[in-house]
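Only one structure is covered here, and it is reproduced in the block below.
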Amino acid sequence: MGMGVDYAPSLDRHDTRRKVGVITQAEIVGKHLELSGYLYGKDFPELIREMKSTGLRAQAGQALGMSYEISDARILDMKARIWTLAKVTFTGAAILRREKAAYRKTWIELE
């Protein structure tokens with residue numbers, strides 16, 4: 001909660017200095033993490049135009065996804081197939097094209 005959301009104009013990487021919004025709610029629903037928040041549309045109208053022009057408003061994010069940002073991660077066993085994090089600090093999230101996101105099943109939509 002309160003984490004910044006960033007984006008790069010190319011939508012292919014994180015840009016931690018370009019905060020375009022904030023996460024205000026996070027909830028685990030089944031096996032899914034659902035986030036909601038605000039985008040600073042007045043400050044970043046090009047992002048809102050991009051999202052609207054690709055039809056994301058109606059198509060539930062078929063083109064864009066999200067990735068999260070962490071620091072200070074401590075992994076119990078680096079050789080394990082699935083890592084277990086003993087310590088982690090979440091530092092933000094990024095809006096990216098889905099094919100560039102770390103988790104390609106993520107999506108974002110405007111209300």
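The values are calculated or read from the model by the stated rules, or taken from the named source; none is laboratory data. Keep in mind it's a predicted model, so treat the numbers as computed, not measured. Please note: Cβ atoms are built from the backbone with ideal geometry, for glycine as well, and neighbour counts cover all protein chains shown. Ligands, DNA and RNA are stripped out before the accessible areas are found, and what is left, the full protein with its side chains, is counted by its heavy atoms. Shrake-Rupley method; radii C 1.70, N 1.55, O 1.52, S 1.80 Å.
Things to note:
- Dividing the summed -39500 (n - 2.57) terms of all DSSP H runs of n ≥ 4 by the residue count of the chain sets its mean residue ellipticity at 222 nm at -3000 deg cm²/dmol.
- Rounded to the nearest 20 debye, dipole of the chain from Cβ charges on Lys, Arg, Asp, Glu: 300 debye
- Farthest toward the positive end of the dipole of the chain, out of Trp107, Ala80, Gly21, is the Cα of Ala80, where the dipole comes from beta carbon charges about the Cα centre.
- Among Ile82, Ile48, Ile23, the residue with the largest mean-square fluctuation in a Gaussian network model of the chain, with springs joining Cα atoms closer than 10 Å, is Ile82.
- Shape call, the chain: gyration tensor on alpha carbons, a/c limit 1.5: prolate
- Estimated FRET transfer efficiency when R0 is 30 angstrom, pair Ser36-Ala86 (beta carbons, to 0.05): 0.55
- Relative contact order, percent, the chain [alpha-carbon distance under 8 Å, six or more residues apart]: 29 percent
- Where His32, His14 fall by accessible area, highest first, once all protein chains stay in place (1.4 Å): His32, His14
- Whether the stretch 1-44 is rounded, prolate or oblate, judged on the alpha carbon gyration tensor where a/c under 1.5 counts as rounded: prolate
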